[in-house]
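Here's the structure we're looking at; comments come further down.
The values are calculated or read from the model by the stated rules, or taken from the named source; none is laboratory data. Note that the structure is a prediction, hence the values are computed from the model and not measured. Cβ sites come from the backbone with ideal geometry, for glycine too, and all protein chains shown count toward neighbours.
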C-alpha cells in the first residue's frame, strides 16, 4: 500500500469488531458508516441488501431524529434508534459524533441481545474512530490530477 | 471526498439543489435510467404521497478501478420546499459539488434567487465559502412557455466562472452534460 494511507491494523480491528458483533448478536448484517452515510465497513450474510443505500438512508434517519431531539429540548441527539419490522428489524447506534453502527437482524435474534452487544462494540469502535478520523477525508497521494482525468474519461463509458 | 481505504474506493458526493419543483429528482431519474445497470445502485426516493421529495433522493454510480481505486459518485437531491431547511443542510454536509437546478419559468425567478441565497447560507453554516465552492448552474424547463431569457437568469443567478447549462430534464436534454461538469469541477481540483 502506498504511503499516506491509514495502517492496515485499523481495518483489521474494525473487521474483527463487526464480525464479533454479528456473531454474538446473531444478526443478519452489520454496517459501519460515517455520519454522512458513507460506508466504512460491512459484514454479514449476503442478504441481497443494497448496503451503500442503506448507509445513506440510515444516516439521514439519524440526522432527522437529531433534529427531533433538539425540538424536544434534549441537549444531545438520541444515542440509538430501533425500528421493528415484520421480518427484519434495524438498530442504529451513534459511535461518537462521527460514525454510525447499523445492525440488521431477524427472528433469530432479539433487540435486547443486539443492544447489549452493540454497546460493547461501540466502546471498542470509539477508540478506532479516533485513530481513523484524520484519514477519512484526506486525499491519498494516488488521488491526483491523473486520477481525475481518468475519472472524467471513464464517465462517458458509464452511460448507455 | 471520502476515501474508503479498506475497500479502496473514492466517494464523491454531488448534491442537486434548487427551488421546489425545479426538476432535481427528474435529473437523477434520467441519470439513473441512462447509467449502465452494472454500474449503478438502486434509486432511493423518500417522497410524500404527493410525489414531492420529503427528505432526499439518492443513487450511487461507480466506475471501474483507476490506479487501484474505485471512483463512486453519490448523487443526492435535497427537498426544494422552503420548510425543509434542516434536511437541506444535512444533505449538503460533506458535498464535493452542487448542481443548482433553476426553474426557467419567469414566475419562478424570485424562488430561484431566494433558494440560491439559502444555498450560500447553508454552505457558510457548514464552514464553506460559497464563492469557492464547486457549483454548476442548470437552467431547466427550457421547453416551457413563459420562460425567462437566459441573459436574465445569468444576470440574477450566475457568478463568474460557474459552468451553465440549459436543460429539459424530462427529455434528458442537458442532464448528463451538467453531471459531467459537476464531476469535472471536483476532479480538476485534484
Report summary line: Over the range B:157-168, the set of residues touching a residue at least 12 places away in the same chain (Cβ under 8 Å) and in a loop (DSSP other than H, G, I, E, B) is B:158, B:159, B:162, B:163, B:167
Requested in this report: Name, by its number, the condition in (1) over 17 Å from the mean Cα position of the chain (by Cα); (2) in a helix (DSSP H, G or I) that does not hold for residue B:118.
Outcome: (1)
Query raised in the report: Do we have any residue at all in the range A:142-154 that's surrounded by fewer than 15 Cβ atoms within 10 Å (Cβ to Cβ) and away from chain B (no Cβ under 11 Å)?
Result: no
Query raised in the report: Just one of the numbered conditions (1) at the interface with another protein chain (Cβ under 8 Å from one of its Cβ atoms); (2) assigned to a loop (DSSP other than H, G, I, E, B) is not true of residue B:13; which one?
Result: (2)
Query raised in the report: Identify, please: which residue in the range A:4-46 is over 21 Å from residue A:134 (Cα atoms) and in a loop (DSSP other than H, G, I, E, B) and is, among those, nearest to the other protein chains (Cβ to nearest Cβ)?
Result: A:46
Query - Test result for residue B:123, in a helix (DSSP H, G or I), touching a residue at least 24 places away in the same chain (Cβ under 8 Å) and closer than 15 Å to residue B:22 by Cβ - result: no
Query raised in the report: Would you say residue A:157 is within 30 Å of residue B:185 (Cβ to Cβ), more than 12 Å from chain B (Cβ to nearest Cβ) and surrounded by fewer than 19 Cβ atoms within 10 Å (Cβ to Cβ)?
Result: no
Query raised in the report: Which of the residues that make up the range B:126-156 are touching a helix residue (DSSP H, G or I) at 6+ places or on another chain (Cβ under 7 Å), closer than 23 Å to residue B:175 by Cβ and assigned to a loop (DSSP other than H, G, I, E, B)?
Result: B:133, B:134, B:146, B:148
Query raised in the report: Being in contact with a strand residue (DSSP E or B) (Cβ under 8 Å, 6 or more places away or on another chain), touching a residue at least 40 places away in the same chain (Cβ under 8 Å) and away from chain A (no Cβ under 14 Å), is that true of even one residue in the range B:169-188?
Result: yes
Query raised in the report: Is it the case that residue B:33 is surrounded by fewer than 18 Cβ atoms within 10 Å (Cβ to Cβ) and either at pLDDT 95 or above or within 11 Å of chain A (Cβ to nearest Cβ) (or both)?
Result: yes
Requested in this report: Answer with yes or no whether residue B:81 is modelled with pLDDT of 95 or more, surrounded by fewer than 21 Cβ atoms within 10 Å (Cβ to Cβ) and more than 10 Å from every other protein chain (Cβ to nearest Cβ).
Outcome: no
Report task. Inspect all residues belonging to the range B:69-77 and state whether any of them is modelled with pLDDT of 80 or more, buried (at least 16 other Cβ atoms within 10 Å of the Cβ), more than 11 Å from chain A (Cβ to nearest Cβ) and within 24 Å of residue B:135 (Cβ to Cβ). Result -> yes
Query - Odd one out for residue A:119 among (1) in a helix (DSSP H, G or I); (2) within 14 Å of chain B (Cβ to nearest Cβ) - result: (2)
